Structures are given as C-alpha cells and as structure tokens.
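Undergrad: Have a look at the structure that comes next, please.
The values are calculated or read from the model by the stated rules, or taken from the named source; none is laboratory data. Being a predicted model, the structure only gives us computed values, none of them experimental. Note: ideal-geometry Cβ built from the backbone for every residue, glycine included; neighbour counts use all protein chains shown.
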Amino acid sequence: MKIEQRIDEAVAPLREKIRDLELSLSQKYPPVKFLSEKDRKRILITGGAGFVGSHLTDKLMMDGHEVTVVDNFFTGRKRNVEHWIGHENFELINHDVVEPLYIEVDQIYHLASPASPPNYMYNPIKTLKTNTIGTLNMLGLAKRVGARLLLASTSEVYGDPEVHPQNEEYWGHVNPIGPRACYDEGKRVAETMCYAYMKQEGVEVRVARIFNTFGSRMHMNDGRVVSNFILQALQGEPLTVRMVRASVSVGTDVMEVHEMCSQGNPEEHTILEFARLIKSLVVSRSQIQFLPEAQDDPQRRRPDIRKAKMMLGWEPVVPLEEGLNKTIQYFSRELEHQANNQYIPKPKAARMKKGRPRHN
C-alpha cells in the first residue's frame, strides 16, 4: 500500500500536467449562433485583424455567419482574431488588397487602411494605393459575385471643417496636398468609386463615416489623441496637447448601414478636457505639456447623427468614462505583457530617403 501511495504521489504532478496540456490543446471558441443555410452569409472583412475589424469579426461570427478576414498585418495583428482560428466558419488570409482577390462572398466589409496619422503618413503612397486600388479591387469583386459592399470611411473626409457639426451633405474642407491628404483624399476617392460603381454597374454599396474611435485592441503605436494620452499617463510621461482650441467627439460602435451615414458620439470635448479626464482616471502624476499645432489638424470635429438615428435607430450606447476605463485596462495589460525591458513601440515617423519620401 505504501509503495502504491508513493507511486500515486509521484505520478500526480504528471497527471496534472497532462490534464493542463489537454485543456490547452482543446480549442474553445466564443458561443456561436446556428444559422440555416438560407440565413447564413459568406462575409469578407478586409482589415479584419485591426482594431475595429476584429470586433466586427466577433459580432458576425457570433451571429453565425461564415467570415473570411483579409489583412496584410501592417497595423492589424493576428492575435486580435486568433481565438477564431480553426473554427469551421472562420478563415484568415494574409493578403494585401492592393492585389486582386478572387473569392466567393455575399457581403464585403471594406475596412482595410491604416487609420491613424502616424501610420498613414508613414507611407503615404501605400495609403493612397490601399484606399484607391484596394477599394477598386473590392468593388470589382462585389460586381463579379453580386455582393453588397460596405466602405468604412472616416470623418477625415471633412478635413478641417468649416461647418459644425458635420452632416452627410457637407462636402468638406480638405488640403489636397497636405501631410494628411493621402488618407483624407484617399477616402474621398474611395467614396466616389463606390457611388460610381453603384450608378454605372448596379453594385449595392453602403458608406459609414466613422468618427474618432477607441477601445480594446487598439495598437500601441496608434498615435491618436486618446491612445497617446492613456499610454503617456500609464508610463508617467507628459501628456502632450497640441496648442489649438480643438475639440473631438468619439464613437465606439460600427454597424451595417443602408445609406451614407456619419457614426460617432455627438458629445463634444476639448483635447485638454480629454487629457485631464484620462489623467484622473489613470491616477497619474504626469504633467500636461503643450506643443505647437500640427499642420492641417482639424480644429473641431463632431458628427451630426440625426440621419443614423432616424433611418437606423442607431446612437452611441457606451458612456465616455466607461469606454475610457476599458481602454485604460487594455493598455495596462499590454504594458504588463511588454515588461522586462521589452520594446514598447512608438508612433512611426514618415520615412525619408535623400530628402524625398520613400515611394512604393
């Protein structure tokens, strides 16, 4: 009996390790709704491994659809969607939308593009190609297979607006040769392409102009105001505020739309208010530091969401502080993962070669 007891005591840790290994190898997915063949859609999401795209992937997967994510992982990350890898309804393709894609789908959510100024100004030619050639490829695909396409556009199409708040009928105030033009004008052309394909070829298109958005899965080097403030506050660095009387509004939801709609939170806050609020939520000793104004930086930005409310019954549902707290918790975990002298990425500057931007 004593020998058997000793054997059991010696083997017990091994049994526990085997059990843990079996649990780790057994793939578990979030709960997925079952849809019949006639209700289940084959959906393509370009940029689906990014911040917004990965949350959209979760929603459509849990609704029971078959989802194919296409991403070149410039700002998207595989770990944003890794919890779906291996699921029978999910496929992940490493692909750049600048190159044609041949696939059979019912709906296309076209989100592919760097969205923050440091990222899209890092390689402006590539940004332009993604938003023009990439959109052209997706519209061509939609035409070929008869799919509906939703373009994730942006409030940047309004540029530095002269109308406040901004509604869908406002044409914008954009510098076509400024440092932000690669993204602003790229998205404006993408919208033009969508409606040209609709009028000439009968492609069913939707356009959602998404305003400033933040939340979990944001990239650490996103470079926009909310992520910058949170990262700076968590690391005890000065919160850098550009010296303008700028104000922004924020949105935290994306959904399918039936006409061009602006989506965001009409609640308006100055940049300085954001800095002070984030500083208090993080309980940080960081100081607020003022920097010179950036070129073509919008002074005010606020969506007019009356159309979205009237036609879709849509309005933002996440309170500002709740959204900020969730984002702060996510960034805190990210910093913990990058502890032990690991590299913490900073926003990338535009690459220069012999006094000229690098061309692709």
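Undergrad: Look at the range 200-242 and say how many of its residues are polar (S, T, N, Q) and either at pLDDT below 80 or touching a strand residue (DSSP E or B) at 6+ places or on another chain (Cβ under 6 Å) (or both). Before you say what the answer is, go through the steps one by one.
TA: Applying the first criterion (polar (S, T, N, Q)) to the range 200-242 yields 200, 212-213, 216, 221, 227-228, 232, 235, 240.
This time we only want the ones that are either at pLDDT below 80 or touching a strand residue (DSSP E or B) at 6+ places or on another chain (Cβ under 6 Å) (or both), so: 212-213, 221, 232, 240.
Final tally of qualifying residues: 5.
Undergrad: If I43 passes every condition in (1) over 30 Å from T75 (Cα atoms); (2) at pLDDT 85 or above; (3) of a type in the set (A, V, I, L, M) but one, which one does it miss?
TA: Only one criterion in (1) over 30 Å from T75 (Cα atoms); (2) at pLDDT 85 or above; (3) of a type in the set (A, V, I, L, M) is unmet by I43, namely (1).
Undergrad: Looking at the structure I just gave you, is N72 closer than 21 Å to M138 by Cα and surrounded by 16 or more Cβ atoms within 10 Å (Cβ to Cβ)?
TA: The answer is yes for N72.
Undergrad: If I filter the range 117-149 down to residues being outside any helix (DSSP H, G or I) and surrounded by fewer than 23 Cβ atoms within 10 Å (Cβ to Cβ), which single residue comes out as modelled with the lowest pLDDT?
TA: Of everything passing the filter in the range 117-149, N123 is modelled with the lowest pLDDT.
Undergrad: Right, something else. So which residues in the range 188-215 are over 21 Å from H269 (Cα atoms) and of a type outside the set (A, V, I, L, M)?
TA: Of all residues in the range 188-215, those over 21 Å from H269 (Cα atoms) come to 188-208.
Correct list: R188, E191, T192, C194, Y195, Y197, K199, Q200, E201, G202, E204, R206.
Undergrad: Against the condition in a helix (DSSP H, G or I) and touching a residue at least 24 places away in the same chain (Cβ under 8 Å), how does G215 come out, does it pass?
TA: Taking the combined requirement at face value, the residue does not satisfy it.
Undergrad: I would also like to ask the following. Which of the following residues is at pLDDT 95 or above and of a type in the set (A, V, I, L, M): A49, A12?
TA: Numbers: A12 fails: at pLDDT 95 or above.
Unique residue meeting the criteria: A49.
Undergrad: Kindly indicate the residue of the range 82-116 that is among the charged types (D, E, K, R) and modelled with pLDDT under 95 and also farthest from the chain's Cα centre (by Cα) among those meeting that condition.
TA: Here is the first cut: in the range 82-116, the ones among the charged types (D, E, K, R) are 82, 88, 91, 96, 99, 104, 106.
With the extra rule that they be modelled with pLDDT under 95, the set shrinks to 82, 88.
On the way: E82: 16, E88: 25 Å.
Taking the candidates together, the pick is E88.
Undergrad: Select, from V32, V52, V81, V11, the only residue that is free of Cβ contacts under 8 Å to residues at least 12 places away in the same chain and not aromatic (F, W, Y).
TA: Being free of Cβ contacts under 8 Å to residues at least 12 places away in the same chain and not aromatic (F, W, Y) holds for just one of V32, V52, V81, V11, which is V11.
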